[in-house]
Amino acid sequence: MSHHHVLIIGSGPAGLTSAIYTARANLSPLVIEGEPSSTSDQPGGQLMLTTEVENFPGFPEGIMGPELMMRMREQATRFGAEFLTEKVTRVDFSARPFRVWVREQEYTADSVIVSTGAQSLMLGLDGEKRLLGHGLSTCATCDGFFFRGHQIAVVGGGDSAVEEASFLTKFAEKVYLVVRRHELRASKIMQERAQSNPKIEILWNTVVDELVGTDALEGIVLRDTVSDQTRSLPVTGLFIAIGHRPNTDLFTGILDMEESGYLVTRPGSSYTNVEGVFACGDVQDHTYRQAITAAGSGCMAAIDCERWLESQHS
């Protein structure tokens, strides 16, 4: 068994930023960063699946997602953070020190920062992994700029999908909104906005059956859910906006969470309902979901954690 002042679960922008800050505060954090084989909580988080990041401050020429994560990791290591490339299998926050297991190996900690992130719900089609970042995207605000003048499609019928479709009309020549049913689940105002936008064409009762393209997306095959007929649509971009799922199964019944699974933190802080356990990044943020906001909340968690640890010894 090994004991640590701070144990960080997850290593996306939030976890790595909290590692940098807690390491600089001489708290020698241990970061259990996830497994490379896992799509839900792999080391580096969702940015490992992103090609070019152009909106992270300080990189005017843009930077590849995996490189940005590697540089953050190196920065944390430089200040003394330790990394364990494994997946946490169980936690016990009922008493201090907190206990965390990686299979049979137990780790204890005075404090824990949870930064396990969230994953975009996907369609489950062949080629999704291959084409992610090569025409297939789950984030319009991240990638919309790359589709200036293109014909693209957005899948989904909720607020997020309609919002993304509207946003993408700033760049794309044409946006197809692929909706499974004959109605939108989005709020009334969002529906009106989409239906009145001349650049948006709504394809009702339609699902995506196939992705076309080897190295980059060249088109999609659509299926009409009423007639079962299929047709090709030559789009160069496809945005999947059918929701996100926070990686919080590990904390069910232990940490307070919303019905949707996102962890609840006290307003304006990273404090969870368990004293000494903090949460940051996409695991508790279903509004912004950006690398820079995740990094900012990682900083908040580190500072909250450091101050809380100090208060325990005063």
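The values are calculated or read from the model by the stated rules, or taken from the named source; none is laboratory data. Predicted model only: the values in this text are computed from it and were never measured. Don't worry about glycine lacking a Cβ; one is built from the backbone with ideal geometry, like all the others, and counts go over all protein chains shown.
Here are the numbers for the structure shown:
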{"read-out": "Selection within segment 1-22 - crowded, with 24+ Cβ neighbours inside 10 Å and either under 15 Å from the mean Cα position of the chain (by Cα) or among the polar types (S, T, N, Q) (or both)", "value": "I9, G10, S11, G12, P13, A14, G15, L16, T17, S18, T22"}
{"read-out": "Residue in segment 46-62 that is within 18 Å of L250 (Cα to Cα) and surrounded by 13 or more Cβ atoms within 10 Å (Cβ to Cβ) present", "value": "no"}
{"read-out": "Leading residue by the ranking (nearest to A76 (Cα to Cα)) among those in segment 280-312 that are assigned to a helix (DSSP H, G or I) and under 13 Å from the mean Cα position of the chain (by Cα)", "value": "A295"}
{"read-out": "From V112, V102, residue being crowded, with 20+ Cβ neighbours inside 10 Å, touching a residue at least 40 places away in the same chain (Cβ under 8 Å) and farther than 25 Å from M64 by Cβ", "value": "V112"}
{"read-out": "Segment 115-130, subset assigned to a loop (DSSP other than H, G, I, E, B) and either among the hydrophobic types (A, V, I, L, M, F, W, C) or surrounded by fewer than 15 Cβ atoms within 10 Å (Cβ to Cβ) (or both), residue nearest to the chain's Cα centre (by Cα)", "value": "L121"}
{"read-out": "Residue in segment 148-161 that is at pLDDT 95 or above, assigned to a strand (DSSP E or B) and among the basic types (K, R) present", "value": "no"}
{"read-out": "Residue check, G144 touching a Ser or Thr at 6+ places or on another chain (Cβ under 7 Å), buried (at least 20 other Cβ atoms within 10 Å of the Cβ) and of a type outside the set (K, R)", "value": "no"}
{"read-out": "Residue within segment 179-186 that is at pLDDT 90 or above and not in a loop (DSSP other than H, G, I, E, B) present", "value": "no"}
